[in-house]
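Peer 1: This is the structure I have questions about; it appears just below.
Quick note: the coordinates plus some simple rules give every number you see, no bench work behind them. The structure displayed is predicted, hence computed values, not measured ones. Cβ sites come from the backbone with ideal geometry, for glycine too, and all protein chains shown count toward neighbours.
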There are 2 protein chains.
Amino acid sequence: MGLIVQKFGGSSVADAEGLKRVASRIVATKKAGHQVAVVVSAMGDTTDELLDLAEQVTPMPNGRELDMLLTAGERISMALLAMAIGNLGHEARSFTGSQAGVLTTSTHGKARIIDVKPGRIVEALNDGAIAIVAGFQGINQDTNDVTTLGRGGSDTTAVALAAALEADVCEIYTDVDGVYTADPRIVPSARKLDSITYEEMLELAASGAKVLHLRCVEYARRFDLPIHVRSSFSNNEGTWVVKDHPGGASGDNMEQAIIAGVAHDKTEAKITIVGVPDRTGVAARIFQTIADADINIDMIVQNVSAAATGLTDISFTLPKSDGAEATRILKDIQGEIGFHSIQYDDQIGKLSLVGAGMRSHPGVTATFFACLADAGLNIEMISTSEIRISVIVREGDLEKGVKAAHTAFDLDVDDEAVVHGGTGR
Amino acid sequence: MGLIVQKFGGSSVADAEGLKRVASRIVATKKAGHQVAVVVSAMGDTTDELLDLAEQVTPMPNGRELDMLLTAGERISMALLAMAIGNLGHEARSFTGSQAGVLTTSTHGKARIIDVKPGRIVEALNDGAIAIVAGFQGINQDTNDVTTLGRGGSDTTAVALAAALEADVCEIYTDVDGVYTADPRIVPSARKLDSITYEEMLELAASGAKVLHLRCVEYARRFDLPIHVRSSFSNNEGTWVVKDHPGGASGDNMEQAIIAGVAHDKTEAKITIVGVPDRTGVAARIFQTIADADINIDMIVQNVSAAATGLTDISFTLPKSDGAEATRILKDIQGEIGFHSIQYDDQIGKLSLVGAGMRSHPGVTATFFACLADAGLNIEMISTSEIRISVIVREGDLEKGVKAAHTAFDLDVDDEAVVHGGTGR
């Protein structure tokens, strides 16, 4: 008997049938002898429909009111889910983020969880009830205003609640079986990982893997809380996101894979600032200006300046959605900085290799670059961390690169001997 | 400069256009120099759509969860309304029933307001903002669970909030111009009343007039809070619901009408229990059984018992919606009580005359009955209060009766000399 937190996304509860299916799943867990707390997102397209209504009323909705509006979505799904569980003869009580004690910062639309004080959830669980908690939302502890957490918010709610409840595991239900070595739509021979470390998962999420959001993995790592990513459409084991691979860290698993997976990301663009005077403080001035606009920069490359001219080029990548804004901001300071021109390129793709085994295998970079060269790809930018190598290539070449790397590191499903985590389990 | 509470129903905010129109109206009041708090219902069909979803999930939704679900409706409309006001350049803040301090009893689906502690509303108004409050909902002060108030709940929220804020007036916006002497769909010559007393309005509401709900009028009377019932589609003065008619109570208005209006009600049915033993306690036993099932009885008639048999008949009226349940309950105690049979009749209509002037005009009943006789109507049951006479007639005769009474008491619009409230204003 344990305490399990389960999280179901909007596609799992898109209609009455989905709600009933999820309810059965929850009740089965309860019947197996566990205490169950559930985090649920808004049904299917509810959030988009509410945003559409807001747009009909005003082009610039107030942040506080937009959060008030959007949180109606989870209110509907959680109440219906509690009813569906009631219909199966089990007691369920739904709680808003505020009622569940999810305390956040004040930034409407992208608040961060400060603390979870789940007194009412504990009370419900101790009463033998199933607790249903609204994902994606909380309350600003200073003003008592309702807030939303932004993208990936429901996953984060689930992990934060699980940590506060000291749950045994946080199960994230999704429409895939777990975390794969690559996107199976691009690499049909990609295989599901049995386990992955927090670090690897963080790097994969930051590199474009969609299955879990960065913030939720960060939270899980901080509290050393196991996440089990699994399908809401089957009872198969999914992927466990944990501190260390079973048997891996202690070194007794010789088959420990070097690479956990290959990620790709088409959402970034590249800006090149041409002819920047090579003076102290110029780069800082540029990137401070970008940061002040709340735009996140990913990779940065600065060429060595040509001695004759004293000028250099600076390139960086950023989300395509911030491209227009960043270009505008840079033009505003062009006179002050004195650079020549700005080039904007949104036809790039980012390809990343992630694996904790990289630390002890120095040949990874060489193998990676060689396989890309063999596939005819040109590398435009490079960035690395201890357990990740990312390169920027042409967007049109990206899928070819993913396949080449997946094969080069023996990740394909037919080659089971070197599959991640080994065959011994 | 005053403090005005405005209430807008679901049909006024059915879509984006409605929300914008209502927003303009609110802003106009604000610009006129008033502090404005607004109570809003769920948009158009939202509540029905949510009920439909609940029905798809379970035939017997849990009361707590149903309230959680339905309160999402006002959350959506109030946030959108606040945004629409923001779009006009004024600050508006929306508040749930809980945030607005609407404390209620614990009966889900038909909670009653115990108190309103509008600290956050006062704060918003003092900041110069317009406060938008969710109608129809509150919070159970013992359990902190969300409750709904049942039918007419938003009107009651508005009046209760206005009383707590010590507002100058509570404006109830509706799709008609105000309170009429009769339903204009039945009596085209019906006219709008400039004013009506709380007592008269209570009797009209209890007699089938739909424009205001009983509970909200009761609340207004208790706090002596003026209600202004008016159209959301025009700027015309509507009907003021007040303690005394202007100039009326003090007796200097000789044209004070005897009758405020004629109401009708087709929602009741009649049950006759035939052959009831005429023993002490039998009637009490019957009506206690009905009351225990939470069924409200309206009129009761007991015939004098026939001395030879010691048996009597008891008739009473009740909502048609409770007819099947009441019949079932009575059959359960037929053996114990020993009556002969039950007759159920849902083809009845109730016709009511209401007017404070009845107190001083003893001829009203005679005139009323005579006009019904002239119109060929048979009176089946009678009930009276100090300022009301109600009769039960055949449902098919009801509209004929309304017209006859309206004319008999000179309420028709062409006959202005005796119009309610006089011609002097």
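Peer 1: Roughly what % of DSSP beta bridges within chain A run antiparallel, to the nearest 5? Please list the in-between numbers first.
Peer 2: Numbers: 44 of 73 bridges.
Percent antiparallel among DSSP bridges in chain A is about 60.
Peer 1: Sticking with this structure for a sec: On a C-alpha basis, how far is the centre of segment B:72-87 from the centre of segment B:174-243 in Å? Whole number, if you could?
Peer 2: 27
Peer 1: Please tell me which of these pairs span more than 32 angstrom C-alpha to C-alpha: B:K31/B:K266; A:K110/A:K243; B:K331/B:K400? Don't skip to the answer; put the middle values down first.
Peer 2: Numbers: B:K31/B:K266 44 Å; A:K110/A:K243 27 Å; B:K331/B:K400 36 Å.
With Cα atoms farther than 32 Å apart: B:K31/B:K266; B:K331/B:K400.
Peer 1: What is the distance in Å between the Cα centroid of segment A:283-319 and that of segment B:331-394?
Peer 2: 88
Peer 1: Which residue is it, in chain B, whose C-beta lies closest to the B-to-A rotation axis, and what is that distance in whole Å?
Peer 2: That would be B:A72, 2.
Peer 1: A further question follows. Give me, ordered by chain and number, the residues 5 or more places off B:A182 or on other chains with an amide H under 5 Å from its own placed amide H.
Peer 2: B:R191, B:V262
Peer 1: Further question on the same structure: Between copies, how far does the label point of B:R222 sit from its twins, in nm, shortest first, when each point is 7 Å from Cα along Cα→Cβ?
Peer 2: Here the equivalent label points are 4.7 nm apart from this one.
Peer 1: Pop out the ³J(HN,Hα) list for segment A:69-85 in order, Karplus 6.51 cos²θ - 1.76 cosθ + 1.60 with θ = phi - 60°, rounded to Hz; leave Gly and Pro as x.
Peer 2: So the J values, rounded to whole Hz, are 5, 5, 5, 5, x, 6, 4, 5, 5, 6, 5, 5, 5, 4, 5, 5, 5.
Peer 1: With a cut-off of 8 Å between alpha carbons and a minimum separation of six or more residues, what is the relative contact order of segment A:3-174 in percent?
Peer 2: On the way: 371 pairs, mean separation 50.8, N = 172.
Normalised by residue count, the contact order of segment A:3-174 is 30 percent.
Peer 1: Pairs of Cα atoms under 8 Å, at least six residues apart: use those to get the relative contact order of chain A, whole percent.
Peer 2: Values: 926 pairs, mean separation 58.9, N = 425.
It comes to 14 percent, rounded to a whole number.
Peer 1: Still on this structure: Mind running the shape call on the protein assembly as shown? Use the C-alpha gyration tensor, a ≥ b ≥ c as the square roots of the eigenvalues: rounded below 1.5 for a/c, prolate if a/b tops b/c, oblate otherwise. Please report the intermediate quantities before stating the final value.
Peer 2: Details: a/c = 3.55, a/b = 1.98, b/c = 1.79.
It comes out prolate by the Cα gyration axes.
Peer 1: Enumerate the calculated ³J(HN,Hα) couplings along segment A:204-217 in order (Karplus 6.51 cos²θ - 1.76 cosθ + 1.60, θ = phi - 60°), each rounded to whole Hz, writing x wherever the residue is Gly or Pro.
Peer 2: 3J(HN,Hα) across segment A:204-217, in whole Hz: 4, 5, 5, 9, x, 5, 8, 5, 10, 8, 3, 4, 5, 5.
Peer 1: Going by the alpha-carbon gyration tensor, a ≥ b ≥ c the square roots of its eigenvalues, is segment A:248-425 rounded (a/c under 1.5) or, if a/c is not under 1.5, prolate (a/b greater than b/c) versus oblate?
Peer 2: Values: a/c = 2.48, a/b = 2.37, b/c = 1.05.
Prolate shape, in that a/c is at least 1.5 and a/b is the bigger ratio.
Peer 1: Which angle between 0 and 90 degrees, to the nearest 10, do you get for helix B:282-292 versus the longest principal axis of chain B when only C-alpha atoms count?
Peer 2: So the inclination is approximately 20 degrees.
Peer 1: I need to check one value: relative contact order of segment A:248-425, counting alpha carbon pairs closer than 8 Å and at least 6 residues apart, in percent. Walk me through the numbers before you get to the answer.
Peer 2: Values: 309 pairs, mean separation 58.0, N = 178.
Contact order relative to length: 33 percent.
Peer 1: Specify the longest stretch of chain A that does not include any exposed loop site, a site being one of the GluC sites (Glu not before Pro) with a non-H, G, I, E, B DSSP assignment and at most 10 other Cβ atoms within 10 Å. Before the final figure, lay out each step's value.
Peer 2: Values: sites that count: A:E166, A:E386.
In chain A, the maximal stretch lacking such sites is A:167-385.
Peer 1: Answer rounded, prolate or oblate for chain A, using the Cα gyration tensor with square roots of eigenvalues a ≥ b ≥ c: rounded when a/c is under 1.5, else prolate when a/b is larger than b/c, else oblate. Write out the running numbers ahead of the final one.
Peer 2: On the way: a/c = 2.26, a/b = 1.34, b/c = 1.69.
Oblate.
Peer 1: Now for a different question. Among DSSP beta bridges whose residues both lie in the protein assembly as shown, state the antiparallel percentage, nearest 5. Each step should come with its number before you reach the end.
Peer 2: Values: 88 of 146 bridges.
Antiparallel bridges: around 60 percent, rounded to the nearest 5.
Peer 1: Taking loop as defined by DSSP and a crowding limit of 15 other beta carbons within 10 Å, which trypsin sites (Lys or Arg not before Pro) in segment A:162-250 fit?
Peer 2: Values: sites: A:R185, A:R191, A:K192, A:K210, A:R215, A:R221, A:R222, A:R230, A:K243; in loops: A:R185, A:R191, A:K210, A:K243.
Hits after loop and neighbour filter: A:R185, A:K210, A:K243.
Peer 1: Can you give the Rg to Rh ratio of segment A:1-143, both from alpha-carbon atoms, with Rh computed by the Kirkwood formula? Provide the component values of the computation, followed by the final result.
Peer 2: On the way: Rg = 15.6 Å, Rh = 15.6 Å.
My calculation of the ratio gives 1.00.
Peer 1: Report, for B:A291, each distance to the same residue's label point in the other copies, shortest first and in nm; define the point 7 Å along Cα→Cβ.
Peer 2: Taking the point 7 Å beyond Cα along Cα→Cβ, the inter-copy spacings are 7.4 nm.
Peer 1: Can you list the distances in nanometres, one decimal and ascending, from the A:E123 label point to the identical position in each other copy, with the point 7 Å along Cα to Cβ?
Peer 2: Spacings between copies for this position, smallest first, are 2.2 nm.
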